[in-house]
Amino acid sequence: MQTFGGQPITVVPHERLNYTKGIISHRDLLNCSVDEIAEALSEDGVAEAKRMITKRNGVSVNTASVLLTFNRIKLPGRIKVSFYSLEVRPYISAPLRCYRCQSFGHISANCKRNPICNCDKAVHENSGCEQPFVCVNCDGNHSSLSPKCPVCRLEKEIKTIQTLQKIPYAEARKQVVPKEGLSYSQVAAKPSQTSNIVPAVQALVPQITVSSTTSVLCAKNDPKSKPTQYQSRY
Ligand SMILES: [Zn+2]
Ligand SMILES: [Zn+2]
Ligand SMILES: [Zn+2]
């Protein structure tokens, strides 16, 4: 389509909805560069490959997991990498979090609130606050960054549903926080309302709990196996 209502238009693919992201893991992937992996898997619809990084003793180290961006809507269950048929697990990104006001759902560039310190007070003039933590999101005695925070866990559940069902944040939030008028901390404080969320999420993503290193199936005996560019590295 080049015109609409008599006006010239340009049609471009949606930046997010036409792509999907998944993670593959295998120790031999550590021997390959992400460029080699992306090139070898381009015929499978892989547009980009990125190495997953972790921190050990404060140092960033490569992991055996690679994040693949597919130029298609549906994630394949498995993908063939050289001799191996690797499980592709859905990638769930971290929830949006503001480093200015410490709340979820937006980033600091869009924040219209006052900056808040991790101690739940307005940001101090001097950095290095040593006051006890009070989480701004749930009033708990932890930093708002803490994985122990129930609001943080709720946000992760919302993000999981949003990613897997490809729905907007507000729609996913309704599934996790169904009652209008309740704050996240109120919902988080009621285990009876959240206890059925985790099984629901697990039913949607059974792959997430599977060990990444034991999920690899060797396809060495497959006569249709096509050598890839970096087969010799295995
Ligand atoms: Zn903010
Ligand atoms: Zn402080
Ligand atoms: Zn908290």
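Every number in this text was worked out from the coordinates using simple rules, so none of it is lab data. Every value quoted in this text rests on a predicted model; they were computed, and no experiment measured them. Because the Cβ atoms are built from the backbone with ideal geometry, glycine has one as well, and the counts that use them run over all protein chains shown.
Under a crude label model (7 Å from the Cα following the beta-carbon direction), how far is residue 60 from residue 143 in nanometres?
Inter-label distance under the simple model: 1.8 nm.
Starting from the Cα-Cα distance between residue 109 and residue 74, subtract it from 0.36 nm times their residue separation and give me the gain in nm to one decimal. Please report the intermediate quantities before stating the final value.
Values: separation 35, 0.36 × 35 = 12.60 nm, distance 3.15 nm.
So the chain would gain 9.5 nm between residue 109 and residue 74.
Spin-label point model (7 Å from Cα, Cβ direction): what's the residue 99 to residue 9 distance in nm?
Rounded to a tenth, the inter-label distance reads 3.9 nm.
Just flag the GluC sites (Glu not before Pro) in the stretch 81-164 sitting in loop per DSSP whose Cβ has no more than 12 other Cβ atoms within 10 Å.
Values: sites: 87, 125, 130, 155, 157; in loops: 125, 130.
When the GluC sites (Glu not before Pro) of the stretch 81-164 are filtered for loop state and at most 12 Cβ neighbours within 10 Å, 125, 130 remain.
What nm distance separates the two modelled labels at residue 165 and residue 2, each placed 7 Å from Cα along Cα→Cβ?
Modelled inter-label distance: 4.1 nm.
How would you order 54-66, 109-121, 165-177 from highest to lowest mean count of nearby Cβ atoms within 10 Å?
Details: 54-66: 11.4, 109-121: 13.5, 165-177: 15.4.
Answer by packing, highest mean first, reads 165-177, 109-121, 54-66.
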